[in-house]
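Taking it in order: structure first as structure tokens, then the write-up.
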Amino acid sequence: AKQIKVSLIGNPNTGKTSVFNLLTGLNQQVGNYPGITVEKKEGICKLARGVKAHILDLPGTYSLNASSLDENVVIELLLNKKDKDFPDVAVVVSDVENLKRNLLLFTQIKDLEIPTILVINMADRMKRKGISLNIPLLERELKTKIVLVSARKREGIEELKSLISTYTLLPTTPCVNALSFDDDYFERLQKVFPNQSLYKLWLVITQDVNFRKVDKKPVGITPDFQIKTESELKRYQQKEAIKRYQFINTVLKEGMVVDEKAATGLRSKLDRILTHKFWGYFIF
Ligand code: GDP
Ligand code: MG
């Protein structure tokens, strides 16, 4: 029977490996990617009704603008539909305390038009940090399914598993048009390749700049679409990031409330004790 291919993707320290361990238990193995010393972790997860998923715990990455070997592993996989590990579903693991930063990568993954699930991990820390989320609103705006997970408390994993088994129903539409800014480069590019994901084309072209991987060039990319200088590349990437963050800020403004008082409650209690007259007398 076919196994559902799942890639766990996310910034470093969001809890990918913790989620991976809960999904795969003892059914996991660790190796290396061919030719490099980046660790490759994969395992099997049993879903309902005898269905199995193959889970890949990808190296942590901040964005798809590759600058390290680790990040390159992620991009190479996501750009290569023929890779045996190419995901049926991308599970983006984020940390509720760093949601804004984590969502940058999420919006990029969405642009690749792969079925995507957003895991918001470390849910156990929300109360203490005074964070509340409007999940239906976030799901609507980000065009995704969201699972609140606490890997530490082993919560949300069953829900994640059942979402993985229904991956064919997940939306594959991008959530922000990050490459539409005041430059006709992208308009021209889309006109020449009307049926391809603009962002995917862009990644292929810029990966070529970064890594000289000529074999990844889509057939027909003409020299006038090559980015000629590092500074031109940086300028486009910066504009892209600004667009994404504008979108993320707008979404989070409505979808996330941080009650600063609750977040600092613990601290102020401590302050009150320390500055209490009685203690002040003895301590200071
Ligand atoms: P990775 O770098 O994305 O693979 O993240 P890890 O799984 O290695 O976790 C990074 C850190 O976050 C570790 O110290 C974990 O114990 C911690 N962590 C992971 N999941 C949770 C969670 O749900 N709640 C809390 N409070 N900490 C977590
Ligand atoms: Mg890890």
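Assorted remarks:
- Carbon and sulfur %, accessible surface of the chain computed with the full protein complex present, 1.4 Å: 54 percent
- Distances between placed amide hydrogens fall under 5 Å for T61 paired with G10, N11, all partners being 5 or more residues away or on another chain.
- For the stretch 35-82, relative contact order (Cα pairs under 8 Å, six or more residues apart, normalised by length) works out to 27 percent.
- Pairs beyond 18 Å (Cα-Cα), from K16/K41; K16/K153; K2/K161; K82/K143; K5/K46; K191/K234: K82/K143; K191/K234
- Across the chain, C-alpha contacts under 8 Å between residues 6 or more apart give a mean separation that, scaled by the residue count, equals a relative contact order of 18 percent.
- Built amide H within the under 5 Å cut-off of K5, gap 5+: H54, D88, V89
- Taking 0.36 nm per residue of separation and subtracting the current Cα-Cα distance, fully stretching the chain between K84 and N249 would add 55.8 nm.
- Potential lengthening between R128 and D182 on full extension [0.36 nm per residue; Cα-Cα distance subtracted]: 15.2 nm
- Solvent-accessible area per residue for the chain (1.4 angstrom probe, square angstrom): 54 Å²
- For the stretch 127-153 versus the stretch 7-35, the gap between their alpha-carbon centres in whole angstrom: 21 Å
The values are calculated or read from the model by the stated rules, or taken from the named source; none is laboratory data. Computed from a prediction, not measured in an experiment: that's the story for all the values here. With ligands, DNA and RNA removed, areas are computed over all heavy atoms of the protein, side chains included. Shrake-Rupley method; radii C 1.70, N 1.55, O 1.52, S 1.80 Å.
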